[in-house]
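Please read the structure below before turning to the comments.
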Amino acid sequence: MGLSHLTSFIITTLAAASSVSAAATTASKSVKCSTGQITSNAACCAIFPMVDKIQKDLFDGGECGEEAHSALRLSFHDAIGFSIHGKKGGGADGSILVFNSTELKYHANGGIDDITARQFPVFQELNLTAGDFVHLAAAIGTANCPGAPRLKFMFGRPPPKAPAPDLTVPEPTDSVTAILARFADAGFSAKEAIALLSSHTVAAADVVDTTIPGTPFDSTVGTFDTQVFLEVLLKGSLFPGNGSQPGEVLSPLHGELRLQSDFELSRDPRTACFWQAMINNQQYMMSQFHDAMAKMQVLGQDTSRLIDCSDVVPVPKPFNQNIKYPASFSKKDVQVALPFPNLATVRGPAPTIAPV
Ligand code: HEM
């Protein structure tokens, strides 16, 4: 973004932020907006039409597709640029959108350029700060995925001041020790780190192996279920694309990509129990993910100045079924020794997972 654009943009967003803090002091219990929705604070009424616009312009009218997945990933890459010890970025402040020319050069942000390019024009049309926009879009996109918890949305982040520094976003080539240290530095326990990784149930890789863009991490990439926690524990036997790439390890299924970091976190003594506890435990996974995300969505923010506008987030469709082993797999293919739930197997031959 050019400097003049950035300046006018900061003025607009500053104005938006100051009207929000004024509204924060005049909160009422329950308000009916002129558009008919009920919310806990009148300041949230203005956001309902923005939600409709984001659904229409970004998410194809409410799909759990690539843009929804990428919006969730973007919220992580934005927020994690923060340290509880200071001297890093502003956290969940939207810096990745405003200072994209800096942050997208970082190696760990590979593949993020598509979603920032998609989001930027929509963001410019709305009277929201970049932090509010990025984290609202993530909450809406996630809500489009059946089985997801309804994430929170806190309104009123000030505009970002500076880009986050490099090397704050974990990479799939990092060791478990390095990954957990980075999460701890940002204020997350090992258990919360695994909770956040529930997101990889609606995820695919474009740049890990560039010959196979859109390769999912599990066989149900359009559903926010616990399938990824099961499939990462299955014995791997193949690489879905052009051989072994950095950050990639053997996958159990054609068309599915397994990250080295997910593989190691699922088996490491510090995190394996948290990982396994998620399997076929939909309500537990939803609440763990919801709570860890609530923390992530306001990292580095003064929460006393934010308004809870979670009412604006669409209610996701539920997912109430037991998960299953992919066809041709069963308990004998699971590579861990700990007690494991009995699950059925999808009928038929071993599948090839379609790209997103
Ligand atoms: C150990 C920490 C993590 C590592 C190493 C990691 C790594 C990755 C990698 C390498 C990709 C594929 C990028 C590509 O090739 O296009 C990816 C995708 C994704 N990640 Fe993570 N990730 C981590 C944590 C998280 C967290 C905490 C979230 C959200 C809360 C998240 C959400 C996603 C999503 C939704 C995608 C799919 C994006 C899409 O399909 O467009 N990840 N991650």
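The values are calculated or read from the model by the stated rules, or taken from the named source; none is laboratory data. Predicted model, so just to flag it, every value in this text is computed and none were measured. Glycine also receives a Cβ, built like all others from the backbone with ideal geometry; neighbour counts cover every protein chain displayed.
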State whether one or more residues within segment 157-180 are of a type in the set (A, V, I, L, M, F, W, C) and within 28 Å of Lys317 (Cβ to Cβ).
-> no
Could you count how many residues in segment 256-298 are small (Gly, Ala, Ser) and buried (at least 19 other Cβ atoms within 10 Å of the Cβ)?
-> 3
So is Asp78 outside any helix (DSSP H, G or I), modelled with pLDDT of 95 or more and of a type in the set (Asp, Glu) or not?
-> no
Taking segment 219-246 and keeping only residues that are in contact with a Ser or Thr (Cβ under 7 Å, 6 or more places away or on another chain), within 11 Å of the ligand (Cβ to nearest atom) and under 26 Å from Gly141 (Cα atoms), one is left with Phe224, Val228
Identify all residues within segment 295-320 that are under 23 Å from Met285 (Cα atoms) and either without any contact (Cβ under 8 Å) to a residue 24 or more places away in the chain or of a type in the set (Gly, Ala, Ser) (or both); write none if there are none.
-> Ser310
Among the numbered conditions (1) touching a residue at least 24 places away in the same chain (Cβ under 8 Å); (2) over 16 Å from Lys152 (Cβ atoms); (3) part of a helix (DSSP H, G or I), tell me where Ile279 comes up short.
-> (3)
Looking only at segment 268-282, which residues are more than 14 Å from the ligand (Cβ to nearest atom) and farther than 17 Å from Thr220 by Cα?
-> Pro269, Ala272, Cys273, Gln276, Ala277
Number of the exception - Ala193 against (1) crowded, with 20+ Cβ neighbours inside 10 Å; (2) more than 8 Å from the ligand (Cβ to nearest atom); (3) within 22 Å of Ala294 (Cβ to Cβ); (4) not β-branched (Val, Ile, Thr) | (2)
Filter result (free of Cβ contacts under 8 Å to residues at least 24 places away in the same chain and farther than 24 Å from Ile179 by Cα) within segment 240-265 = Gly243
What is the number of the single condition among (1) of a type outside the set (Phe, Trp, Tyr); (2) in contact with a Leu (Cβ under 7 Å, 6 or more places away or on another chain); (3) more than 9 Å from the ligand (Cβ to nearest atom) that Asn100 does not meet?
-> (2)
For Ala143, all conditions in the list (1) under 13 Å from the mean Cα position of the chain (by Cα); (2) within 10 Å of the ligand (Cβ to nearest atom); (3) of a type in the set (Gly, Ala, Ser) hold save one; what is the number of the exception?
-> (2)
Of everything in segment 54-90 that's away from the ligand (no atom under 14 Å from the Cβ) and farther than 16 Å from Ala137 by Cα, which residue is surrounded by the most Cβ atoms within 10 Å (Cβ to Cβ)?
-> Gly89
Could you say which residue among Ala43, Ala71, Ala108, Ala92 is in contact (Cβ under 8 Å) with a residue 24 or more places away in the chain, outside any loop (DSSP other than H, G, I, E, B) and in contact with an Asp or Glu (Cβ under 8 Å, 6 or more places away or on another chain)?
-> Ala108
Show the residue pairs that are 6+ apart or on different chains and have beta-carbon atoms under 6 Å apart, the first residue being within segment 322-348 and part of a loop (DSSP other than H, G, I, E, B), the second being at pLDDT 95 or above and acidic (Asp, Glu).
-> Ile323/Asp225
